[in-house]
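*Asks:* Below you will find the structure I want to go over with you.
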Amino acid sequence: MAFENVWEPAGVTTRFTGFVTAQEYVRSAEEICADARFDGLQFVIKDLLAIDDHAIEIEASDPIAAIRYGARFTNPNIYLVLLTTDERLLPFAHPRADSFLHGLYETHAFPSDEVARRWLAAQPPLARPDGRLGRSSA
C-alpha cells in the first residue's frame, strides 16, 4: 500500500510513499469518506512529498471529483491541502474553472507540512450550511 491515513483531532493526513497510482489516490479518499470521523473533519492533508513518482494524471480528475462531490454533501466544511512540489499535481489543488474539481472544496497546495499547517491554523472554520454547489462556494 502506497498510503496511510493518519487521523488527528480535527483532520486527517494521508501520507503517500513510493510510486502512487490514481487508483491509490482515490482509494485513500474513499477510506476517509467511509470513516465515521469524516463528518467532523475540518481539514484533509494529502502529503505527496515523499513519493518517488506517480501516475495521477489530469484524466483522473473525474473519479476524484466524484469522491469530492459526494463527500461535500456529508461535510462541506473541509480545507483540502496537497503537499507537493510536483507541478503536475497542482491542477488537483488549483483546478481550472472548467474542471469538474472546481468549486467542490477549498483546496490549496503547499511545498511543506510546516507552511500548510501555519496556513490552516490561520483559517477560520468553514461554516457552509450544506453541500449544495453554487458560485459563491469555494
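*Asks:* Sorting check: for 72-79, 7-14, 30-37, which peptide has the highest mean count of neighbouring beta carbons within 10 Å, and how do the rest follow?
*Replies:* The peptides rank, most packed first, as 72-79, 7-14, 30-37.
*Asks:* Rank these by accessible area, largest first, 1.4 Å probe: LEU83, LEU49. Mind showing how you got there, number by number?
*Replies:* Numbers: LEU83 0, LEU49 75 Å².
Result of the area sort, largest leading: LEU49, LEU83.
*Asks:* Given H placed 1.01 Å from N in the peptide plane, which residues other than close sequence neighbours of GLU106 have an amide H under 5 Å from its amide H?
*Replies:* Those qualifying (amide H under 5 Å, at least 5 residues apart or on another chain) are ILE78, LEU80.
*Asks:* Quick one: which residues, 5+ away or cross-chain, put their amide H under 5 Å from the amide H of ILE45? H built at 1.01 Å from N.
*Replies:* Those lying under 5 Å, H to H, from ILE45 are VAL12, THR13, THR14, VAL81.
*Asks:* What list of ³J(HN,Hα) couplings, whole Hz, do you get for region 2-11 from phi and the Karplus terms 6.51, -1.76, 1.60, once you set θ to phi - 60° and write x for glycine and proline?
*Replies:* 9, 8, 9, 8, 10, 7, 10, x, 10, x
*Asks:* First measure r as the distance between the Cβ atoms of GLN23 and HIS108, then evaluate 1/(1 + (r/R0)^6) with R0 = 22 Å and state the FRET efficiency to the nearest 0.05. Can you show the working numbers first?
*Replies:* Details: r = 24 Å, r/R0 = 1.10.
Here the calculated transfer efficiency is 0.35.
*Asks:* Under unit Cβ charges (Lys, Arg +1; Asp, Glu -1), what dipole magnitude, rounded to 20 debye, does region 1-42 have relative to its Cα centre?
*Replies:* Details: 3 positive and 7 negative charges, 20 e Å.
The dipole of region 1-42 has a size of about 100 debye.
*Asks:* Ignoring ligands and nucleic acids, what accessible area does VAL26 show with a 1.4 Å probe (Å², nearest 10)?
*Replies:* Per-residue accessible area (VAL26): approximately 20 Å².
*Asks:* Apply the Karplus parameterisation 6.51 cos²θ - 1.76 cosθ + 1.60, with θ equal to phi minus 60°, to every residue of region 44-56 and state each ³J(HN,Hα) to the nearest whole Hz, in sequence, with x for glycine and proline.
*Replies:* Per-residue couplings from phi come out as 10, 10, 9, 8, 10, 6, 9, 7, 7, 5, 8, 10, 9 Hz.
The values are calculated or read from the model by the stated rules, or taken from the named source; none is laboratory data. Keep in mind it's a predicted model, so treat the numbers as computed, not measured. Heads up, the Cβs are rebuilt from the backbone with ideal geometry, glycines too, and the neighbour counts pull from every protein chain shown. These area figures cover heavy atoms from the full protein model, side chains too; ligands, DNA and RNA do not enter into them. Shrake-Rupley method; radii C 1.70, N 1.55, O 1.52, S 1.80 Å.
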